[in-house]
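Read the structure below first, then the notes.
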Amino acid sequence: MSNIEQLILRNVITDDAFMRKVLPFIQPEYFQGVYNQLFKEVAKYAAKYNKMPTQEAFKIEIESNNRFSDDQYIAACEIMPTIFDTATEKSDTDWILDTTEKWCQDRAIHNAIMESISIIDGKHQELSKNALPDLLTKALAVTFDTNIGHDYLENMEERFDFYNAQEDRIAFDLEYFNIITKGGIPNKTLNVALAGTGVGKSLFMCHIAANALTQGRDVLYITMEMAEERIAERIDANLLNVPIGDLQDMQRSVFTSKVADVASRTNGKLIIKEYPTGSAHAGHFRALLNELKLKKNFVPEMVFIDYLNICTSSRMKAGGNVNSYTLIKAIAEELRGLAVEFNLPIFTATQTTRSGFSSSDPGLEDTSESFGLPATADLMFALVSSEELEALGQVMVKQLKNRYNDLNYKKRFVLGIDKSRMRLFDADNAEEGVVDDTPAFDKSKTNERFKDFKME
């Protein structure tokens, strides 16, 4: 171990460029014995003077403080000629960076395992067993981020390439959703459907999940409102094109044949995972994603969480006195952070307020419990139902927030809905060119604003 520790410490001291790239990511606890104390002193000197000490200055520094024991001081004096040796040929930059990053990862994992053992044995004074998933997750996530930002003038070529690159998006089978998202949902995003009870939040997500599966995508569906089997039942109705009430009457051979036909037409997989209502947060979902990768080699390309309001927050203590605004905002931020961390889109849903439930034209003010949610979401839209729409077999979609396209472009449109088969489809009589310029948080009577609006 001392050889690699000497090598890293020597490059930190003698190579200014290397030092500035790696110093923010190396933790003192990665070093052992006297190297731990030497690194602490080197990092402290760099933070104070923005450069590395000379050997002479460094020796005076450690002589003038009492942070080294006599044995440590003797060992440090023996090591110093090596770690301050500028005559030795410099290591290849890429190699030493890769080697240092791997060493940091190995040490972080080792320390996390040792700390986990201490927790399991009940010897840890601060952490409980609930901290185990986060400990290991953080250790596995150790990496060097050497990107110091986008230089507007110097990086114009990279920016032009970005504008013209074909971004990986998961397309819809619904024309208007592809239009408003410019071709589908990109990675690292949080997408939210707003609706009242029974309007179709779960139906919408099941339909999108089923469609993603038929595209050959790997999909994870997390449910906290219904059992795994009930979600699977809805997706069966959608993919098999069978009324949900008829599934129980199907012969086994017919059912297995239809599912086998679906399987033959996709390379994707769909995993449905159930958590008790109000029991899971982003930390549990992160652990699930890591476990699926480890045990099943399953890496989803899209995650559905049904639904946001019945999640918990990893930042908030269960049963604590937290207002709903803070809680919902925290949940939304954690879910979007998860989307960024795993480079995938997350779809979820939220309830309307009581006033929004009866509104024919809900706005952001009708978001249940929190204005913080619309601020965090990349795409947010309302699903609106009425007696007239139900009679037509339709549901109206109203955009509330859109980072992908102009919010006022096709702000409202209708979709066909088949609740028996848990399906959505493009409606021929979708309203085109309807633009609502009303501010997103307008408190006027929304029912009055569009009282004359009719679907043709």
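Structure notes:
- All conditions in (1) in contact with an Asp or Glu (Cβ under 6 Å, 6 or more places away or on another chain); (2) in contact (Cβ under 8 Å) with a residue 60 or more places away in the chain hold for Lys411, with the sole exception of (2).
- Of the candidates Lys48, Lys40, Lys59, Lys44, the single residue that is surrounded by fewer than 13 Cβ atoms within 10 Å (Cβ to Cβ), assigned to a helix (DSSP H, G or I), more than 33 Å from the chain's Cα centre (by Cα) and not hydrophobic (A, V, I, L, M, F, W, C) is Lys48.
- Residue in region 18-25 that is assigned by TED's automatic domain parsing to the domain that holds Ala75 and either under 23 Å from Asp71 (Cβ atoms) or among the hydroxyl-bearing types (Ser, Thr, Tyr) (or both) present: no
- When region 87-135 is filtered for residues that are closer than 20 Å to Phe31 by Cα, free of Cβ contacts under 8 Å to residues at least 40 places away in the same chain and buried (at least 17 other Cβ atoms within 10 Å of the Cβ), the ones remaining, listed by number, are Gln105, Ala112, Glu115, Ser116, Leu135.
- Only one of the numbered conditions (1) touching a Lys or Arg at 6+ places or on another chain (Cβ under 9 Å); (2) surrounded by fewer than 21 Cβ atoms within 10 Å (Cβ to Cβ) is not met by Phe160, and that is (1).
- Residue in region 1-35 that is farthest from the chain's Cα centre (by Cα), counting only those that are farther than 19 Å from Glu89 by Cα and free of Cβ contacts under 8 Å to residues at least 12 places away in the same chain: Arg20
- Hits in region 187-217 (condition: out of contact with any helix residue (DSSP H, G or I) (no Cβ under 8 Å at 6 or more places or on another chain) and within 28 Å of Ala391 (Cα to Cα)): Gly198, Val199, Gly200, Lys201, Phe204, Met205, Ile208, Asn211
- Screening Ala193, Ala227, Ala210, Ala237 for residues that are under 18 Å from the mean Cα position of the chain (by Cα) and assigned by TED's automatic domain parsing to the domain that holds Ala263 leaves exactly one candidate, Ala193.
The values are calculated or read from the model by the stated rules, or taken from the named source; none is laboratory data. Bear in mind the structure is a predicted one, so any value in this text is a computation, not a measurement. Please note: Cβ atoms are built from the backbone with ideal geometry, for glycine as well, and neighbour counts cover all protein chains shown.
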